[in-house]
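What follows is a single structure, written as structure tokens, with notes after it.
The values are calculated or read from the model by the stated rules, or taken from the named source; none is laboratory data. None of these values were measured; they are calculated from a predicted model. No Cβ is skipped: glycine too gets one built from the backbone with ideal geometry, and neighbour counts run over all protein chains shown. Heavy atoms of the whole protein, side chains included, go into the accessibility calculation; ligands, DNA and RNA do not. Shrake-Rupley method; radii C 1.70, N 1.55, O 1.52, S 1.80 Å.
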Amino acid sequence: MSRVADEMDDLFDEEEGESLDVLLMAEDADISGCVFARETLSGSFGHAEFERCTFRQVSFADTRWARASFDGCTFSSCDFTGAHMARSFLRDCRLSDCRFTGADFHGSYIERVSFRSCLLGYANLSESKAQHVKFVSSALREASLDHMKAKSLAFEDADLTRAELFGTSLKGCDLSSSTIDGIRISDTFAELKGASVSLGQAPLVLAILGVRVKEL
């Protein structure tokens with residue numbers, strides 16, 4: 001993870017400016033083109049908009065947000081553990097080596113966002129609208145991904161063990177490189193319609209569908 005963070009640091013040469021907690025003192029913070037590194041936030045925040053900002057090793061853990069908007073932002077090695085950021089807006093963002101364990105992002109709008117080497121165990125993304133969202137080498141064990149309005153979701157080498165996917169269409173998703181053991185879907189199995197799996201995953205999918213394979 002440190003290698004990825006180092007590479008991200010090399011991509012940006014902006015000067016770090018005023019601290020993030022000071023900028024967020026404004027009732028409706030509108031922040032653009034800033035770099036924030038090694039900062040720790042705590043408490044509750046109102047409406048904040050970030051555009052073209054870079055966050056490195058910033059902790060949002062256990063914070064509460066009335067509404068947060070991130071447009072064209074990059075996050076590296078940030079911590080969102082237990083953060084309450086429901087109904088957030090994320091567009092054209094890249095997140096790498098970030099931790100979202102138990103974070104609440106339900107009802108959010110997420111478009112053209114990539115999660116790489118992120119930990120999203122027990123994270124709540126339910127009822128979110130997600131378009132062109134990619135999870136690469138990320139763990140979503142027991143994450144809530146139910147009732148999402150999803151289009152062009154992508155999972156590459158992702159861990160979806162026991163993830164909740166009720167009411168979320170996986171049509172067009174290639175799950176062949178991901179772990180899907182114990183995924184939770186509806187009795188109609190509609191969520192899996194149009195998804196692709198590997199030959200090795202076929203017995204697992206058959207088991208989910210309630211089909212028993214008898215040995216000859």
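Of note:
- D (Stokes-Einstein, µm²/s), Kirkwood Cα radius, the chain, 0.890 mPa s at 25 °C: 137
- Put a plus charge on the Cβ of each Lys and Arg, a minus charge on the Cβ of each Asp and Glu, and nothing anywhere else: the dipole of region 59-145 about its Cα centre is then about 180 debye.
- Of the residues Ser77, Ala61, Ser108, the one whose Cα sits farthest toward the positive end of the charge dipole of the chain, with +1 on the Cβ of Lys and Arg and -1 on the Cβ of Asp and Glu, is Ser108.
- For the chain, DSSP calls about 0 percent of its internal beta bridges antiparallel.
- Computed per residue of the chain from DSSP H runs no shorter than four, each worth -39500 (n - 2.57), the mean residue ellipticity at 222 nm is -2500 deg cm²/dmol.
- Across the chain, the mean sequence separation of Cα contacts (distance under 8 Å, 6 or more residues apart), normalised by length, yields a relative contact order of 10 percent.
- Taking region 37-128 and dividing mean pair separation by its residue count, relative contact order in percent (alpha carbons under 8 Å, at least six apart): 22
- Counted residue by residue at 0.36 nm each, then reduced by the alpha carbon distance between them, the extension gain from Leu206 to Ser177 reaches 8.7 nm.
- Cα gyration tensor shape of region 87-197, rounded if a/c is under 1.5, else prolate or oblate by comparing a/b with b/c: rounded
- Accessible-area composition of region 71-216, carbon plus sulfur, in percent [1.4 Å probe]: 51
- Using only side-chain charges placed at the Cβ, +1 for Lys and Arg and -1 for Asp and Glu, the dipole size of region 85-216 relative to its Cα centre rounds to 300 debye.
- Label point at Glu142 placed 7 Å out along Cα→Cβ; residues across region 92-131 whose backbone nitrogen lies under 12 Å: 102, 121-123
- Axis angle, to the nearest 10 degrees, between helix 2-11 and the longest C-alpha principal axis of the chain: 50 degrees.
- Distance between the modelled labels on Arg184 and Glu156, one decimal in nanometres: 2.9 nm (7 Å Cα→Cβ projection).
- Accessible area expressed per residue, region 81-205, with surrounding protein chains retained (probe 1.4 Å, Å²): 44
- Farthest toward the positive end of the dipole of the chain, out of Ala154, Ser32, Gly46, is the Cα of Ala154, where the dipole comes from beta carbon charges about the Cα centre.
- Shown here for region 36-117: trypsin sites (Lys or Arg not before Pro) in loop regions (DSSP other than H, G, I, E, B) with at most 14 other Cβ atoms within 10 Å, namely Arg38.
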